[in-house]
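> Below is one structure. I have some questions about it.
The values are calculated or read from the model by the stated rules, or taken from the named source; none is laboratory data. For clarity, every value in this text was computed on a predicted model and none was experimentally measured. No Cβ is skipped: glycine too gets one built from the backbone with ideal geometry, and neighbour counts run over all protein chains shown. For the accessible areas, the whole protein counts, side chains as well, though only heavy atoms, and no ligand, DNA or RNA atoms are used. Shrake-Rupley method; radii C 1.70, N 1.55, O 1.52, S 1.80 Å.
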Amino acid sequence: MAQTISTGVAVIPARNEAADIGRVVAGTRELGLSVTVVDDFSTDRTAEAAAEAGARVLRLPFHAGSWTAMQTGIRAAVAAGYQWTVTLDGDGQHDPQDIPKLIAFAQARDLAPNVVVASCVARGNRRRKLAWRILRLLSGLKVADLTSGFRLYDRQAMELLADSDCTLLEYQDVGVLLHLHCRGLELVEHEVAMRPRCHGQSRIFSSWRVVGHYLVYSALISLTRRAYGRPTQGTGECTD
C-alpha cells in the first residue's frame, strides 16, 4: 500500500444514522479525504445530513443491507480510479483520526498488506466474543475482531470486492475476509480504540436471538467459502 490521502476515499454505508452521520463525515473530511456515503434507503435525514457535511451521497432505491451499500461505494471508488478505500460505520464508533494510523501501519510493513482491519477486542460483550470465537473456528481466519467494519482496502482488494462474485455476501464481515483470503490476499489487524454508539444499538448483537441468526448465516458462508479451497501459492487463485 503506497497511499496518500488524495488517492483514497472513505466509504460509509448508513441507514437511519442522521443523528451521527454529519459528525462522522466532517471528521473524515478534516483529513482532506473524499467521502462517499451510501444511504441504504433511510427513513430519516441521513442522506441530507451527509450531503450537508460535504459527502458524495449515493442513495439505494430500497433497503438492501449493509454489504450491498458497502459494495456500491467500493464499486464507485473503483470506477473513479481511487487506489485505496477505507470503510467505516456511520454511527460514530470509528474515529476518523485513526485512518492515517492505519495507512502508516500498512506502509511500515516490509510487504504491504492488501487489507488492514482496525480491531478493538475490548469492545466485545459476551455475545460478540462468543460469535468471534465460533466464527474463527469455522472460518479458519486468524483475525481477532471479525466484525469490525473499519477496514483499509488496497486497489487489488477493491477490485475483487467490486466483482459480481461478491454481490450476495451477507453478512459481509466474515464473507468478505474469506473471499479475499481465498484469493491469496494478505489480511492484517491494527488495534484501535472504538467509541460506544451514541444512538441506537448494534443490529447484529442486540439479542441472543439475533446473534444466533447471525452465527448460522455466517457459519454457512464460512463453510461454503472454505470449500472453494486454499489460495494457490503465488497466484492468488483458489484450488478446487
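> Need the failing condition index for D20 against (1) open to solvent by 20 Å² or more (accessible area, probe 1.4 Å); (2) in contact with a Cys (Cβ under 7 Å, 6 or more places away or on another chain), just the number.
Answer for D20: the failing condition is (1).
> So, one more: Which residues, counting only those in region 88-106, are open to solvent by less than 10 Å² (accessible area, probe 1.4 Å) and either at positive phi or of a type in the set (A, V, I, L, M) (or both)?
L88, G92, I99, L102, A106
> Any idea how many residues of region 116-162 are in a loop (DSSP other than H, G, I, E, B) and within 18 Å of D89 (Cα to Cα)?
From region 116-162, those in a loop (DSSP other than H, G, I, E, B) are 120, 124-125, 140-150; that's our starting set.
Imposing the further condition that a residue be within 18 Å of D89 (Cα to Cα) reduces the set to 120, 124, 145-150.
So the answer is 8.
> A further question on this structure: Quick check on A51: is it over 20 Å from the mean Cα position of the chain (by Cα), at pLDDT 95 or above, more than 20 Å from L102 (Cβ to Cβ) and not in a loop (DSSP other than H, G, I, E, B)? Break it down into steps so the answer makes sense when it comes.
On the way: over 20 Å from the mean Cα position of the chain (by Cα): yes; at pLDDT 95 or above: yes; more than 20 Å from L102 (Cβ to Cβ): yes; not in a loop (DSSP other than H, G, I, E, B): yes.
So A51 passes the test.
> Look through region 57-82, keep the residues that are without any contact (Cβ under 8 Å) to a residue 40 or more places away in the chain and in a loop (DSSP other than H, G, I, E, B), and return whichever of them is most open to solvent (accessible area, probe 1.4 Å).
F62
> Continuing with this model, one more query. State all residues of region 23-49 that are without any contact (Cβ under 8 Å) to a residue 40 or more places away in the chain, within 25 Å of M158 (Cα to Cα) and touching a helix residue (DSSP H, G or I) at 6+ places or on another chain (Cβ under 8 Å); if no residue qualifies, say none.
Within region 23-49, V25, G32, V35, V38, D39, D40 qualify.
> Just to be sure, is T85 in contact (Cβ under 8 Å) with a residue 40 or more places away in the chain and either surrounded by 15 or more Cβ atoms within 10 Å (Cβ to Cβ) or outside any strand (DSSP E or B) (or both)?
It is true that T85 is in contact (Cβ under 8 Å) with a residue 40 or more places away in the chain and either surrounded by 15 or more Cβ atoms within 10 Å (Cβ to Cβ) or outside any strand (DSSP E or B) (or both).
> Could I ask something else about it? Can you confirm whether region 125-139 contains a residue that is touching a Ser or Thr at 6+ places or on another chain (Cβ under 6 Å), closer than 22 Å to V38 by Cβ and buried (at least 16 other Cβ atoms within 10 Å of the Cβ)? So that I can check it myself, show each step before the final result.
Filtering region 125-139 down to residues touching a Ser or Thr at 6+ places or on another chain (Cβ under 6 Å) leaves 135, 138-139.
In the following step, the residues that additionally are closer than 22 Å to V38 by Cβ were identified as none.
No, region 125-139 has no match at all.
> Oh, and also: Please determine whether any residue of region 140-151 is hydrophobic (A, V, I, L, M, F, W, C) and more than 17 Å from the chain's Cα centre (by Cα).
Going residue by residue through region 140-151, those that are hydrophobic (A, V, I, L, M, F, W, C) are 141, 143-144, 146, 150.
Of the ones still in play, those that are also more than 17 Å from the chain's Cα centre (by Cα) are none.
No - not one qualifying residue is present in region 140-151.
> Run R109 past the list (1) out of contact with any Cys (no Cβ under 9 Å at 6 or more places or on another chain); (2) open to solvent by less than 60 Å² (accessible area, probe 1.4 Å) and report the number of the one that doesn't hold.
(2)
> Please work out if V38 is surrounded by 20 or more Cβ atoms within 10 Å (Cβ to Cβ), of a type outside the set (S, T, Y), at pLDDT 95 or above and not in a strand (DSSP E or B). Can you show your working first?
Working: surrounded by 20 or more Cβ atoms within 10 Å (Cβ to Cβ): yes; of a type outside the set (S, T, Y): yes; at pLDDT 95 or above: yes; not in a strand (DSSP E or B): no.
No: the conditions fail for V38.
> So if I check each of T46, T7, which one is open to solvent by 20 Å² or more (accessible area, probe 1.4 Å) and on the phi < 0 side of the Ramachandran plot?
Numbers: T46 fails: open to solvent by 20 Å² or more (accessible area, probe 1.4 Å).
Answer to the selection: T7.
> Which one of these is among the hydroxyl-bearing types (S, T, Y), modelled with pLDDT of 90 or more and surrounded by fewer than 19 Cβ atoms within 10 Å (Cβ to Cβ): S164, S207, S119? Before you say what the answer is, go through the steps one by one.
Details: S207 fails: modelled with pLDDT of 90 or more; S119 fails: surrounded by fewer than 19 Cβ atoms within 10 Å (Cβ to Cβ).
One residue alone meets the criteria, S164.
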